[in-house]
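Chemist: Submitted below is the structure of interest, expressed as structure tokens.
Laboratory data are not the source of any read-out in this text; all were calculated from the coordinates shown. Everything numeric in this text was worked out from a predicted model, so none of it was measured. Here Cβ is always computed from backbone atoms with ideal geometry, including for glycine, and neighbour counts include all displayed protein chains.
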Amino acid sequence: MPSFQLTLVAALLGAAATSESVPSLEAMAGDWLDLTKPVSAHVNASHLDLPIISNFHGSCGSSPNGDWGLAKAKGGVSPGHVTPVDLFALNSLEVPPFAGCGNSAAHGTPNGCGRLLLDGQQLAATSTRYRADEVARRATTASGLAVDSRMRMLFEKGGVMWQVNISNSGSAAVSADVQFELSAMVTEYAHVAWVQSLPFDPRNFTYTQQTVVAASRGVLSVGKSFLHTDTTRPAASLIAFVGEAPAFDLGSAIPTATFKQLAVAPKSTRTIRMIMTIGKSGAEATALAAAAAATPAAFAAAWSAASSKWEERWQSAFDDKDSFFTGSMPTLDLEDSGDVEEAAEAADAARVYYASVLSIVSQMRTNLPLMYGKVWPTSQGSSEALKQGGVVIGGAIRCTIRSCSLC
């Protein structure tokens with residue numbers, strides 16, 4: 001047994017936590033996950049539990065997950081997982097009372113809301129990394145362009161942001177058609193159910209080009225009137241490009257935005273910035289986009305706040321002087337015995353402890369004041385084992401729409 005001691009400082013000694021003693025979100029981030037290699041002899045790269053992020057009002061996923069139980073029953077082929085993992089797609093979005101971005105290969109939305117294509121071909125992400133406030137995905141094109149895509153949620157608002165960095169490390173300029181499929185599909189839910197179908201068919205929405213402000217243009221998606229039922233209401237979502245604007249094409253079932261022959265100079269990077277906002281109406285979704293990303297500077301501020309405010313919330317969970325939480329979690333005081341092996345074991349134990357606290361903090365919702373200002377749903381993200389095809393969210397997360405009786 002290791003001889004290092006783990007002292008629960010705040011619990012046993014009454015000492016307040018300091019920001020230096022609590023690891024940052026970056027320190028708690030996962031390793032880069034290689035999407036091209038098997039996880040183990042029993043689970044291959046097509047059956048990964050891919051990153052989901054939250055913003056204390058909801059959560060979203062980066063790609064539909066596979067279900068290994070179903071896969072084994074079908075000879076190792078998962079009906080729920082989509083390959084490749086897209087560099088842009090958004091899946092299983094829920095920000096009560098809204099939810100969306102279901103996926104259906106039969107309806108042209110295998111990855112959920114959107115896809116990224118370079119020169120007409122979908123570029124598979126070769127690696128991904130989870131951080132509580134950010135999903136990162138990477139890939140490299142045959143021409144040598146490195147694509148680094150980052151996705152964050154607007155802090156405590158109904159929105160998602162992307163920064164797609166396209167870099168050229170070579171000595172000659174490289175150009176490519178960069179196209180985004182904008183199949184944004186969001187619905188308002190009227191009551192609680194254990195399993196809810198997510199919208200996955202773009203034909204159930206109307207798409208129009210929308211100017212947010214002069215520096216921000218995009219495509220507005222509004223649910224058709226027949227989506228107004230006893231359980232659902234039509235809702236609106238907007239995907240807008242901030243700064244440099246692409247060419248929009250709304251002539252097919254899924255609208256596209258294309259940067260024709262985007263040129264990347266040698267040893268340089270081009271960055272594409274996008275925001276998706278949701279609301280009960282097009283006006284509401286557009287107003288949120290205008291408030292958060294009217295200019296590149298405003299987008300940069302919202303992008304930074306999505307991380308810095310998440311960091312502040314995380315650190316406050318250990319600060320007994322902070323007023324957001326009624327109490328505080330203890331920090332660990334690791335006594336160094338000087339033994340390298342024991343020090344490594346102590347670091348592993350500390351990571352497990354702080355990761356467990358992080359999982360609790362990330363589950364908190366502050367937009368469901370039915371009984372309390374803060375609630376904790378008992379599940380997060382998609383549950384595709386409940387319904388084949390990846391078009392549902394199951395479990396207690398759905399109770400966040402109107403009730404928290406299951407939480």
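Chemist: List T229, T187, T206 from most exposed to least, where exposure is judged by having the fewest other Cβ atoms within 10 Å.
Modeler: T229, T206, T187
Chemist: If you don't mind, there's one more thing I want to ask. Shape of the stretch 182-323 from its Cα gyration tensor (a ≥ b ≥ c, root eigenvalues): rounded if a/c is under 1.5, otherwise prolate when a/b > b/c, or oblate?
Modeler: Judged from the Cα gyration tensor, the stretch 182-323 comes out oblate (a/c at least 1.5, b/c at or above a/b).
Chemist: From the convex hull of the Cα coordinates of the stretch 95-138, what is the mean projected area in square nanometres?
Modeler: Here the figure is 4.5 nm², rounded to one decimal.
Chemist: In whole Hz, with x marking every Gly and Pro, tabulate ³J(HN,Hα) for the stretch 351-365 from phi via Karplus 6.51 cos²θ - 1.76 cosθ + 1.60, θ = phi - 60°.
Modeler: Using θ = phi - 60°, the values come out as 5, 4, 5, 5, 5, 5, 5, 4, 5, 6, 4, 5, 7, 5, 10 Hz.
Chemist: Could you tell me the calculated FRET efficiency between K309 and S21, based on Cβ-Cβ distance and R0 = 22 angstrom, to the nearest 0.05?
Modeler: In this case the efficiency is close to 0.60.
Chemist: Using 0.36 nm times the number of residues separating K260 and S337, minus their current alpha carbon distance, what extension gain do you get?
Modeler: Gain on stretching K260 to S337: 21.7 nm.
Chemist: Next up: So how far, in whole Å, is the C-alpha centre of the stretch 270-300 from the one of the stretch 114-163?
Modeler: 18 Å
Chemist: Now for a different question. What FRET efficiency comes out for A253 versus A291 if R0 is 30 angstrom and r is the Cβ-Cβ distance? Round to the nearest 0.05.
Modeler: Between A253 and A291 the formula returns 0.50.
Chemist: A follow-up question, please. Based on the alpha-carbon gyration tensor of the stretch 251-313 and its eigenvalue square roots a ≥ b ≥ c, which shape applies: rounded if a/c is under 1.5, prolate if not and a/b is larger than b/c, or oblate?
Modeler: In terms of gyration-tensor shape, oblate.
Chemist: For each of Y354, Y372, count neighbouring Cβ atoms within 10 Å of the residue's Cβ, then give the residues from fewest to most.
Modeler: Fewest-to-most Cβ neighbours within 10 Å comes out as Y372, Y354.
Chemist: Run the dipole for the stretch 286-355 about the Cα centre, Lys and Arg Cβ at +1, Asp and Glu Cβ at -1, nothing else charged, and hand back the magnitude in debye, nearest 20.
Modeler: The calculation lands at about 880 debye.
Chemist: Among Q209, A263, L238, whose Cα sits farthest toward the positive end of the charge dipole of the stretch 185-282 (+1 at Cβ of Lys/Arg, -1 at Cβ of Asp/Glu, about the Cα centre)?
Modeler: My answer, from the dipole projection, is A263.
Chemist: Which order do peptides 169-180, 231-242, 125-136 fall in by mean Cβ count within 10 Å, highest first?
Modeler: 231-242, 125-136, 169-180
Chemist: Stretched out fully, how many nm does the piece from A300 to A214 gain, at 0.36 nm a residue minus the Cα gap?
Modeler: 29.3 nm
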